[in-house]
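Enquirer: Quick one: this structure, given as structure tokens, is what I'll be asking you about.
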Amino acid sequence: MKSTLTLRAGPQALAHIRERGLRPEDIDVIPGASGGAKFFVLGGIDRFLFSDFLQQPRTRLLHAIGSSIGSWRLACLAQRDPGAALARVHHAYIYEQEYTPKPSVREITEVSARVLDRLLGPNGVEEILSHPFVRLHVITAEGRGLAASERKLMLALTLAIAAAANVVSRKALALQLRRSIFHTAGGDTPFGTLADFPTAHHALTRENLRAALLASGSIPTLLAGVALPETPGSLHWDGGTIDYHLDIDFGASDGIVLYPHFYSHVVPGWFDKALRWRRARARNFMRTLLIAPSDEFVASLPGGRIPDRRDFQTFSHVERARRWQTVLDRSAELGEELRELIATGRIADALQPWSPN
């Protein structure tokens, strides 16, 4: 039977897993990529990892870092009952996102905020802030100058200029945007020395946690930017604008970076999606195990692909919900295969080395 999974391991992760297998206490970082509705294909993997595998006794902290829907997924992991939080956001994202034919920025923002509130439930903020071992890191893109404009036309023009400059160099984005990381790790964060892009660190608090999560998924020109008191005069946008799939330094450690991902490749930033030559290299993934659905599995899904934002325009609410629910249901196959690979030790045989290019 063909595998439903693709597993890519950097050289340190490859050696570690072949020697010891994959143990929950060996994992110290779990990233979450941007991608909106794509997260349904990871539903089964998330349920297994968040509610079972990563709940086993451990002595080291688990640093969860994500942008956009990745930060929302990891906010589920950082709650007392991750499975219940995942079920809430899965249901709300599928069935409670119903829009008028031409929704305004305000309408989309309000609906998205309600979905986030379902995710957090009545106690999510407190549970995230007080979690015994998960340290949540939420990435936003802080827009300054013209990138802090709430005028849709001005913002679109600014982003078009940023996209053009990004073709030459990702560093050019820093003229308009700065990476902000809101987190619960304090001085223990492994990302405090990130130097690839201007980065600011802020503590997650009762007052800003919901706003930071909302900002992390606020796609420019579609949703409203979020003002946060830590950065007066700026607006925060979708963290995927800078860190689409998180091609970052995950810190020095002997632990494993466990990366459930929609794809077997990593795209650094949102503006890099169309730049086929700009894919993450192995440098930042030496100790990473990336777990993604196989091409054969994706081809078996409705339409032969995983869900994405275009589905809101392509399908009726009923048909979109049916397709997304089907993908979520099918994702259980991925979680079950991963569970079996780990339990039997066969995961070492399923690994593909992360190529250097």
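Enquirer: Of all residues being over 19 Å from the mean Cα position of the chain (by Cα) and assigned to a helix (DSSP H, G or I) in segment 89-108, which is surrounded by the fewest Cβ atoms within 10 Å (Cβ to Cβ)? Just the residue, please. Working first, answer last.
Expert: So in segment 89-108, the residues over 19 Å from the mean Cα position of the chain (by Cα) come out as 95-108.
So of that shortlist, the ones also assigned to a helix (DSSP H, G or I) come out as 95, 105-108.
Details: Y95: 13, V105: 17, R106: 10, E107: 13, I108: 18.
The qualifying residue surrounded by the fewest Cβ atoms within 10 Å (Cβ to Cβ) is R106.
Enquirer: Determine whether A299 is in contact (Cβ under 8 Å) with a residue 12 or more places away in the chain and either touching a Gly at 6+ places or on another chain (Cβ under 6 Å) or not acidic (D, E) (or both). Explain how you work it out, then say what you get.
Expert: Values: in contact (Cβ under 8 Å) with a residue 12 or more places away in the chain: no; either touching a Gly at 6+ places or on another chain (Cβ under 6 Å) or not acidic (D, E) (or both): yes.
When the stated conditions are applied, A299 does not pass them.
Enquirer: Something else: Scan L49, L42, L22 and give me the residue that is in a loop (DSSP other than H, G, I, E, B) and surrounded by 22 or more Cβ atoms within 10 Å (Cβ to Cβ). Outline the logic, then answer.
Expert: On the way: L49 fails: in a loop (DSSP other than H, G, I, E, B); L42 fails: in a loop (DSSP other than H, G, I, E, B).
Criteria check complete, one pass: L22.
Enquirer: Go through segment 343-357 residue by residue and tally those that are assigned to a helix (DSSP H, G or I) and in contact with a helix residue (DSSP H, G or I) (Cβ under 7 Å, 6 or more places away or on another chain).
Expert: Let us first name the residues in segment 343-357 that are assigned to a helix (DSSP H, G or I), namely 343-344, 347-350.
With the extra rule that they be in contact with a helix residue (DSSP H, G or I) (Cβ under 7 Å, 6 or more places away or on another chain), the set shrinks to 347-348, 350.
Qualifying residue count, segment 343-357: 3.
Enquirer: Let me ask something additional. Just give me the residues in segment 297-346 being within 21 Å of the chain's Cα centre (by Cα), surrounded by fewer than 13 Cβ atoms within 10 Å (Cβ to Cβ) and of a type in the set (S, T, N, Q), in sequence order.
Expert: none
Enquirer: Sort through W270, W277 and tell me the only one that's closer than 28 Å to L159 by Cα, out of contact with any strand residue (DSSP E or B) (no Cβ under 6 Å at 6 or more places or on another chain), touching a residue at least 12 places away in the same chain (Cβ under 8 Å) and not basic (K, R). Break it down into steps so the answer makes sense when it comes.
Expert: Working: W277 fails: touching a residue at least 12 places away in the same chain (Cβ under 8 Å).
Criteria check complete, one pass: W270.
Enquirer: Right, another one. Quick check: is even one residue across segment 29-43 under 13 Å from G255 (Cα atoms), touching a strand residue (DSSP E or B) at 6+ places or on another chain (Cβ under 7 Å) and either among the polar types (S, T, N, Q) or in contact (Cβ under 8 Å) with a residue 40 or more places away in the chain (or both)? Step through it out loud before you land on a result.
Expert: At the first step, the residues of segment 29-43 found to be under 13 Å from G255 (Cα atoms) are 29-30.
Among the residues that remain, those that are also touching a strand residue (DSSP E or B) at 6+ places or on another chain (Cβ under 7 Å) are: 29-30.
With either among the polar types (S, T, N, Q) or in contact (Cβ under 8 Å) with a residue 40 or more places away in the chain (or both) added as a condition, the list becomes 29-30.
The answer is yes, given that some residue of segment 29-43 is under 13 Å from G255 (Cα atoms), touching a strand residue (DSSP E or B) at 6+ places or on another chain (Cβ under 7 Å) and either among the polar types (S, T, N, Q) or in contact (Cβ under 8 Å) with a residue 40 or more places away in the chain (or both).
Enquirer: OK, next. Have a look at A164, A174, A195, A211 and point out the one that is outside any strand (DSSP E or B) and over 22 Å from the mean Cα position of the chain (by Cα).
Expert: On the way: A174 fails: over 22 Å from the mean Cα position of the chain (by Cα); A195 fails: over 22 Å from the mean Cα position of the chain (by Cα); A211 fails: over 22 Å from the mean Cα position of the chain (by Cα).
Answer to the check: A164.
Enquirer: Kindly provide the set of residues from segment 270-290 that are surrounded by 22 or more Cβ atoms within 10 Å (Cβ to Cβ) and either over 16 Å from V168 (Cα atoms) or in contact with a Lys or Arg (Cβ under 6 Å, 6 or more places away or on another chain) (or both), ordered by number. Spell out how you get there, then give the answer.
Expert: Kept after step one, since they are surrounded by 22 or more Cβ atoms within 10 Å (Cβ to Cβ), are these residues of segment 270-290: 270-271, 285, 287-290.
Once the filter is applied, which keeps residues that are surrounded by 22 or more Cβ atoms within 10 Å (Cβ to Cβ) and either over 16 Å from V168 (Cα atoms) or in contact with a Lys or Arg (Cβ under 6 Å, 6 or more places away or on another chain) (or both), segment 270-290 yields F285, R287, T288, L289, L290.
Taken together, the values in this text are just the output of simple stated rules run on the coordinates, not laboratory data. This one's a predicted model, so the numbers in the text were calculated from it and none came from an experiment. We place every Cβ from the backbone using ideal geometry, glycine too, and count neighbours over all the protein chains shown.
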